Amino acid sequence: MKKTRRTFLGLLPLSLGTAGLLTRCTDEPAAATPPPVKKPVVISTWQHGQAANAAAWEVLNRGGNALDAVEAGVRVTEADPKVRTVGRGAYPDRNGIITLDASIMGPSGDCGSVAAVEGILHPISLARIVMERTPHVMIVGQGAQDLAVAEGMEVTDLSTEKSKQDYEKWKVENPGYLPPINVENHDTIGLLALDENGDLAGACTTSGAAYKFHGRVGDSPIIGAGLYVDNAVGAATATGWGEAVIRACGCFLVVEFMRQGHPPEDACRLACERVIEKNPDWRDIQVGFIALDKYGRTGAYCIQPGFDYALQDQDTPNTMHKPPSRI
C-alpha cells in the first residue's frame, strides 16, 4: 500500500516512542532490588516528639492512615504549655503576641498551611482545612483566623502566666536579644509517618523564633522548606533557624536526594551541606532535618550537636536518638 505523507507522519510517534523505549531498556542499568518495607513508622523532632509519636502511633496501630496520624500527633504538642516553642504558652514575638505557623502534606501530594495566625490552638488542623476545603495552599494572618472561626474553631488567648512573665523580663533585659542555639530556636514539632498501606504524610507546627519581628514567618509553613512529602520517594521535615532552611528549599532537597538513591541520613547530610553553602553564618545557627523514605528507613542530620529526634516502629520503641552533626 502506498504511504502518503499523512500516513507516514501518523506512524512517527509510535516509531519514535518505540525507539526511545528500546534505547532506555538498553542503556539503563537494571534497577537494584528494593529493600524490604518496614511499616508503620513514626519519626519526629526533639524530645517533645515522644508524646507526639505516641498519639500518632495510636492512630496507626488501629489501622488509621498517615495523614490522620501526623495531625493527631502534633496536636498533642500544640496543646502542651510546657513546650515553649509550639502552640499554647509559646514565646511571643517582640510585640508580645503569639503567632503560629503550620503545614501538613499527605500522600496525594496535596498540602495546606497557615502562617502568622493568632488565637487558634490547633493551627495544624486549620492547615488541613486549607488543604481539604479551600482551593488554596496557604492562608495567613487575619484571613486564617477568619477561616478558623468560619469552620467552628474557637479563638482563645494562648498566652500563659509564664509566657507573659518571660516577655516582660525580655523587654527589660534583652531588647536586642538573639536566642541561643538549641534553647529557644528548636521551634518546631515536625512529624513524619508511614502507614500500613505504604502511604506517607507529614506535619509541622511552631510558634517560630522567640521574640521575632511581628509578622515574621519561618520555614515551617512553607511547603518544600520546612516540610515536603513525595509518596513515591519519602518525606522530610526541618527544625532550627527557618531563614536558613528557606534559602536552601531544605526539605524538598532532602526528598530529591532520596529520589537520587541516597538513604535518608545521607540525604539529610547533603541538605545540611547546602544550607551551610547558602548561609555564611552557619556556625552561629542550628538546622536539623529528619527523613523517612518509602521503605520505612529513617535518618537525620544537623549542623550543631544538641538536636535529637524521637523514633517508633515495629522494631523500635518510642525512644530518643541523636543524629550526627557537622560540628
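Data overview
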item: Total formal charge among the other residues, if their Cβ is under 12 angstrom from that of residue 94, Lys/Arg +1 and Asp/Glu -1; result: +2
item: Spacing of the two label points (7 Å from each Cα toward its C-beta) at residue 142 and residue 278, in nm; result: 3.2 nm
item: Stretch gain in nm, segment residue 197-residue 79, where the contour uses 0.36 nm per residue and the Cα spacing is subtracted; result: 39.6 nm
item: Excluding exposed DSSP-loop trypsin sites (Lys or Arg not before Pro) (at most 13 other C-beta within 10 Å), longest clean stretch of the chain; result: 83-327
item: Label zone at residue 314, where the point sits 7 Å out along the Cα-to-Cβ direction: region 50-68 residues whose backbone N lies under 15 Å; result: 60-64
item: Alpha-carbon centroids, region 87-137 and region 182-261: separation in whole Å; result: 13 Å
item: Measure of compaction for region 189-327 (Cα Rg per 2.2 N^0.38 Å); result: 0.98
item: Fluctuation leader among 148, 115, 32 - the chain, Gaussian network, Cα springs under 10 angstrom; result: 32
item: Equivalent ellipsoid semi-axes - Cα gyration tensor, region 41-321, angstrom; result: 27, 22, 17
item: Ranked list, fewest to most other Cβ atoms within 10 Å of each Cβ, for 170, 46, 57; result: 170, 57, 46
item: Structure-based [θ]222 nm, the chain - -39500 (n - 2.57) summed over DSSP H runs of at least 4, per residue, nearest 500; result: -11000 deg cm²/dmol
item: Within region 41-321, percent of DSSP bridges classed antiparallel, to nearest 5; result: 90 percent
item: In Hz, Karplus ³J(HN,Hα) per residue of region 303-312 (6.51, -1.76, 1.60; θ = phi - 60°; x = Gly, Pro); result: 6, 9, x, x, 7, 9, 9, 9, 9, 9
item: Highest-MSF residue in the chain out of 305, 92, 280 [GNM, Cα springs under 10 Å]; result: 280
item: Estimated distance in nm for a label pair at residue 214 and residue 32, the labels positioned 7 Å out from Cα along Cα-to-Cβ; result: 5.3 nm
item: Alpha-carbon spread of region 253-313, three principal axes, descending order, Å; result: 35, 25, 10
item: Prolate/oblate/rounded call for region 27-124, Cα gyration tensor, a/c under 1.5 rounded; result: prolate
item: Within-12-Å neighbourhood charge of residue 278 [Cβ basis; K, R +1; D, E -1]; result: -2
item: Options 200, 149, 170, ranked by Cα towards positive dipole end of the chain, top entry (Cβ charges); result: 200
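Throughout, read-outs are computed from the coordinates displayed, never taken from laboratory work. Remember, predicted model here, so these are calculated numbers, not experimental data. Neighbour counts run over all protein chains shown; Cβ positions are idealised from the backbone, glycine included.
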